[in-house]
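Enquirer: One structure is given below, represented as structure tokens, and several questions about it will come after.
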Amino acid sequence: MQDFDLVLRCGHFVSMAGGEASAQNDVFLGCTGSKITAVLPWSKMNADSHAKPQWRTHRFIDARKKAVLPGLVNAHSHLPMSLFRGLADDLPFSDWLNKYILPLEGRVVNAEFVKLGTELSLLEALLSGTTQIYDMYFFEDEIAEVVDRVGARAVLGENVFDYEAPDNKGRTGNDWKILDRMVERYKGHPRITPFIAPHAPYSCSDDTIRKVMSYAEAKKLWIGMHVSETRPEVEASLKQYGKSPVERLYELGMMKLHCVFAHGVHLSDHDISLLKKCDTAVVNNPECNMKLGSGIAPITRLIAQGITVALGTDGPASNNDLNMFKEMDVAAKAQKYAQSDNTAMTAATALKMATWNGAKAFQQLNELGSLEVGKRADFIVVDLEVPNLQPLHDVVSQLVYAASGSEVETVVVDGKILIDERQPRTIDREDLYDRIAHFRKRAGF
Ligand SMILES: [Zn+2]
């Protein structure tokens, strides 16, 4: 008799093994503790329907009319910024950032703000099928506490730049003690991975970048950064340094360390050759790039070069949501639109970016990215019996081009059910909305 904690009978099983997006029918998925311990045809585990089953489980989910796939990986975001959602839309990028977001961050961002915003963002992300999320912001140790309590998986990077940070008021630069605490506390944590997040080339001097590099090297962290997001950013770098942002980071030696660059909208052929040479991962954020008018990144050229491209929403103040189903849809359509070519990006590639490539960018493919025996049990169950997903010709196409995220019924992270029949098990939504309303009243925004 084989014992499991959780067993699913999966009607449409998209394992993403090897990064391939294809569906198998009627699969037995068994989990024990935090790991996947069985993936095989249902018939093999239940050969004789009259005999007693040779397995038992604490919890069984009948997913015969549903899709089961790896949890989506949102590879670039700023979780606390959900509290700024919809606050200053439809403005030029520099006005949005300099006139609204940065002054507000100076005035209202504190530990309570980041905890409330993070909890709201995790609720939204989990309900729409994201199991792992990237964050770069301030008070990252407080953010980590919320992620840990909720049970989600995250890569968390304390933001570093040259200016006064909301969590280091009255001083220039950052309080590196927050990073020290993060690294110490979450070393070997099963769900939380710290990294270091220099904000962007334009907000970090060469000295700051060198400090980031030596810290990352000493503590064995990877580096996450916004790079070449807008045309003015690249033009200013060429003017000031005689180099593009990527060329400058390469010449400083930063790209010898593992780096994950968000955006990469404006890249020259030389930039792309450097990304390839250094095996730097890029995160595509198509909705944010389109909404802020930054442009459409040359994603298919990066993929053709063998560069790992993951997918992220960016912060909910600039997207304005954390819905990875929408992001997959827009990612494929943006490439098709920009190239006037319906074959530019397939649904399978978009799904790979949101699963396998997210794990690859974060150096986690040995544990995540696909549903295979020995990997961690991070997966989602999607209801297919809704009008927008019927009839079912092609599951991958439905998931990318027709699903909205609201069809996600069950979300499992590290073997634990966090969303059960569409209900969050670790977040009390009414209580959260009340706490946010009270905070806004007190902070006056
Ligand atoms: Zn960002």
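The values are calculated or read from the model by the stated rules, or taken from the named source; none is laboratory data. On a predicted model such as this, the values are computed, not experimentally measured, just so you know. Backbone-built Cβ (ideal geometry, glycine too); neighbour counts: all protein chains shown. Just the protein is used for accessible areas: all its heavy atoms, side chains included, with ligands, DNA and RNA removed. Shrake-Rupley method; radii C 1.70, N 1.55, O 1.52, S 1.80 Å.
Enquirer: Considering only the other residues whose Cβ falls under 11 Å of the Cβ of Ala334, what net charge follows from Lys and Arg at +1 and Asp and Glu at -1?
Expert: Once all neighbours under 11 Å are counted, the net charge is -1.
Enquirer: Also: Based on alpha-carbon positions alone, could you give the equivalent ellipsoid semi-axes of segment 81-150 from the gyration tensor, as √(5λ), descending, whole Å?
Expert: 23, 15, 9
Enquirer: With N denoting the number of residues in segment 34-143, provide Rg(C-alpha) divided by 2.2 N^0.38 Å, to two decimal places.
Expert: So segment 34-143 has a normalised radius of gyration of 1.68.
Enquirer: Oh, and also: Hey, what's the per residue convex hull volume over the C-alpha atoms of segment 255-388, in cubic angstrom?
Expert: Once divided by residue count, the hull of segment 255-388 is 134 Å³.
Enquirer: May I pose another question? Starting with the highest mean, order 406-417, 295-306 by the number of other Cβ atoms within 10 Å, averaged over the residues of each peptide.
Expert: 406-417, 295-306
Enquirer: With r as the distance between the Cβ atoms of Arg181 and Ser268 and R0 = 30 Å, compute the FRET efficiency 1/(1 + (r/R0)^6) and round to 0.05.
Expert: Working from the Cβ atoms, E equals 0.15.
Enquirer: Given the peptides 180-193, 88-101, 147-160, arrange them by the average over their residues of other C-beta atoms within 10 Å, most packed first.
Expert: Ranking the peptides 180-193, 88-101, 147-160 by packing returns 147-160, 180-193, 88-101.
Enquirer: Still on this model: Using the per-residue mean of other Cβ atoms lying within 10 Å as a proxy for protection, in what order, highest first, do the peptides 106-112, 368-374 fall?
Expert: Order by mean packing, descending: 368-374, 106-112.
Enquirer: Counting only heavy atoms of the protein chains, get the accessible area per residue of the chain (1.4 Å probe) and round it to a whole Å² value.
Expert: In whole numbers, the chain has 40 Å² accessible per residue.
Enquirer: Between Asp62 and Leu365, what is the label-to-label distance in nm when each label sits 7 Å out along the Cα-to-Cβ direction?
Expert: Rounded to a tenth, the inter-label distance reads 3.9 nm.
Enquirer: If you don't mind, another one. So what is the calculated 222 nm ellipticity per residue for the chain, using -39500 (n - 2.57) for each DSSP H run with n of 4 or more, over all residues, to the nearest 500 deg cm²/dmol?
Expert: -10000 deg cm²/dmol
Enquirer: If you don't mind, there's one more thing I want to ask. Quick one: dipole size for the chain, taken about the Cα centre, charges +1 on Lys/Arg Cβ and -1 on Asp/Glu Cβ, in debye to the nearest 20.
Expert: Result for the chain is approximately 580 debye, rounded to the nearest 20.
Enquirer: Using the Karplus curve 6.51 cos²θ - 1.76 cosθ + 1.60 with θ = phi - 60°, what ³J(HN,Hα) values do you get for each residue of segment 137-149, in whole Hz, with x for Gly and Pro?
Expert: So the J values, rounded to whole Hz, are 6, 10, 6, 4, 5, 6, 4, 4, 4, 5, 4, 5, 5.
Enquirer: Which value in Å is the Kirkwood Rh of segment 234-326 over different Cα pairs?
Expert: 13.8
Enquirer: Given N residues in segment 272-333, what is its alpha carbon radius of gyration divided by 2.2 N^0.38 Å?
Expert: 1.14
Enquirer: Taking the Cα atoms only, what angle lies between the long axis of helix 176-185 and the longest principal axis of the chain, rounded to 10 degrees?
Expert: Taking the Cα atoms of the chain, the angle to 176-185 is about 20 degrees.
Enquirer: How many angstrom lie between the Cα centre of segment 296-334 and the Cα centre of segment 379-445?
Expert: 20
Enquirer: So who's got an amide H within less than 5 Å of the one on Val160, skipping anything under 5 residues away but keeping other chains? H placed 1.01 Å off N, in plane.
Expert: Counting only residues 5 or more places away or on other chains, the set is Ala197, His199.
Enquirer: Right, here's the next one. Please report, in whole Å, how far the alpha carbons of segment 325-406 spread along each principal axis, starting with the longest.
Expert: So the three principal-axis extents are 39, 33, 19 Å.
Enquirer: For Lys66, give me every one of the lysines with a C-alpha distance below 27 angstrom, ignoring sequence neighbours fewer than eight places off in its own chain.
Expert: Output for Lys66: Lys35, Lys44, Lys52, Lys326, Lys333, Lys352, Lys360, Lys375, Lys416.
Enquirer: Give the separation of the Cα centroids, segment 1-56 to segment 67-105, in Å.
Expert: First find each Cα centre; the distance between them is then 38 Å.
Enquirer: Among the listed pairs Lys177/Lys276; Lys256/Lys276; Lys115/Lys219, which have their C-alpha atoms separated by more than 22 angstrom in this model?
Expert: Over 22 Å apart, Cα to Cα: Lys177/Lys276; Lys115/Lys219.
Enquirer: How many percent of DSSP beta bridges within the chain run antiparallel, rounded to 5?
Expert: 40
Enquirer: Of all the accessible heavy-atom surface of the chain, with the other protein chains kept in place and a 1.4 Å probe, what percent is carbon and sulfur?
Expert: In the chain, the share of accessible area belonging to carbon and sulfur is 49 percent.
Enquirer: Given 10 °C and 1.306 mPa s, how large is the Stokes-Einstein diffusion coefficient of segment 47-108 in µm²/s, with Rh as the Kirkwood radius over Cα pairs?
Expert: Here the translational diffusion coefficient equals 92 µm²/s.
Enquirer: Related question: Would you mind checking the radius of gyration and Dmax of the chain based on alpha-carbon positions, in Å?
Expert: Rg and Dmax of the chain, Cα atoms, are 21.6, 76 Å.
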